[in-house]
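These notes concern the structure reproduced below.
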Amino acid sequence: MKLIAAFFRLIRWPNLFFIVLAQTLFYYCIILPSLPQEYHLQPHRITDLIFILIIIASVFIAAGGYIINDYFDINIDQINKPGKMVVEKIISRRWAILWHIIVTTIGVVISIYISLKTNWIIAVANIVCTMLLWFYSTTFKKKLLSGNVIISLLTAWTLFVLYFVADIDYKAGVVVSVPVKLTMQRIYKFAALYGGFAFIISLVREVVKDMEDMEGDAKYNCKTMPIVWGIPASKVFVAVWLVVLTGALAVIQFYVLQLGWWESALYCFILVILPVIWVLRKLYKAQTSAQYHQLSRGIKLIMLTGILSMIFFRIYH
């Protein structure tokens, strides 16, 4: 039991749950209610089986990324989070790399199968994701901003992948009707909306985590933003993105209110916008690793409430 619990800690099961939740809500609350009847008669369409396989592929590729990250971060983790270490303490490095290879390979194989049934972009993009996760752990994580951007883009991709799977392959000789084209445009807009939210909130959290982990990162010559630019400049960077996010959410709620979605607007204001403002205020006063950790958890909660807002599109459809 101890080994199983350690494995689930290694693959960051709460983060994997976020992926499953986000993709499930996007599929059932946005994609399915939007699809016209004629879409279901088309070849290369998304089905419940394909959707389940997308989730499995996404979860396995992400899990492989978390494993390889801990594999290469042993020395840094001994300083930043010695009590949470799994690799070498419970699971050996040999088993860790083996599990990385197994789960990543499964994710890639499933992605190839999905591509054969839907869109070739899926396999190519997911293979690129596995490569980025490897090089993130070995190189980019220690570089200024590049690692943060990579993780943020990969977070956004977990939603965009569903759009590309749902979108019918025009090169397959399929005659796409106007309603289907309009539906795909609508789904793309929602993917961009929630993908953009995921990108910004993930980027903010990654930089805050860098502030939290400064001690270990500095000892092993990492060039993260807080180390290169300093804490004050890093706080300004995070604050700017939080202000941009708050402004974008406020503008979106203006349009939501035009549709009469009062409950949705109220939800977003209380459970997304106000928590973002709270993080912004706490960021200004934060100085210790524990305070940055609290901010990181708060940002994760905002990510959750943002994801759950998809439910309103199902309610109002």
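In nm, what is the difference between 0.36 nm times the number of residues separating Q258 and M1 and their Cα-Cα distance? Intermediate results must be reported in sequence, preceding the final value.
Values: separation 257, 0.36 × 257 = 92.52 nm, distance 5.30 nm.
So the chain would gain 87.2 nm between Q258 and M1.
Let me check against my output: what whole-number percent is the relative contact order of the chain, with C-alpha pairs under 8 Å and at least 6 apart?
Values: 353 pairs, mean separation 69.6, N = 317.
Relative contact order, the chain: 22 percent.
If you consider only alpha-carbon coordinates, what radius of gyration and Dmax does region 256-304 have, in Å?
Cα-based Rg and Dmax for region 256-304 come out at 13.6, 44 Å.
Sort out for me the Cα centre separation of region 241-317 from region 46-62, rounded to whole Å.
For region 241-317 versus region 46-62, the Cα centre distance is 27 Å.
For region 147-279, just the Cα set please: Rg and Dmax, both in angstrom.
Reported Rg and Dmax, both Å: 19.0, 59.
Over region 97-138, with a single point scatterer placed on each C-alpha, what log10 of the ratio I(q)/I(0) does the Debye formula yield at q = 0.28 1/Å?
Values returned for q = 0.28 Å⁻¹ are -0.93.
Taking the number of other C-beta atoms within 10 Å as the exposure measure, put L295, L259 in order starting with the fewest.
Values: L295 23, L259 10.
Lowest to highest Cβ neighbour count: L259, L295.
With each pseudo-label sitting 7 Å past Cα toward Cβ, what's the I315-V236 distance in nm, one decimal?
Distance between the two pseudo-spin positions: 4.1 nm.
HN-Hα J couplings of region 185-199 from phi, Karplus 6.51/-1.76/1.60, θ = phi - 60°, integer Hz, Gly and Pro as x?
Values per residue, Gly and Pro as x: 5, 5, 5, 4, 4, 5, 4, 5, 5, 6, x, x, 4, 4, 4 Hz.
Restrict the search to region 210-317; then list the chymotrypsin sites (Phe, Trp or Tyr not before Pro) that DSSP places in a loop and that have at most 14 other Cβ atoms within 10 Å of their Cβ.
On the way: sites: Y220, W229, F237, W241, F254, Y255, W261, W262, Y267, F269, W278, Y284, Y292, F312, F313, Y316; in loops: Y220, W229, W261.
Answer by residue number: Y220.
In Å and from the alpha-carbon atoms only, list the Rg and Dmax of region 2-316.
Here Rg and the maximum Cα pair distance are 20.4, 59 Å.
None of the figures in this text is laboratory data; all of them are computed from the coordinates on show. Just so it is clear, the structure is predicted and the values come from calculations on it, not from any experiment. Positions of Cβ are backbone-derived with ideal geometry, glycine not excepted, and every protein chain shown enters the neighbour counts.
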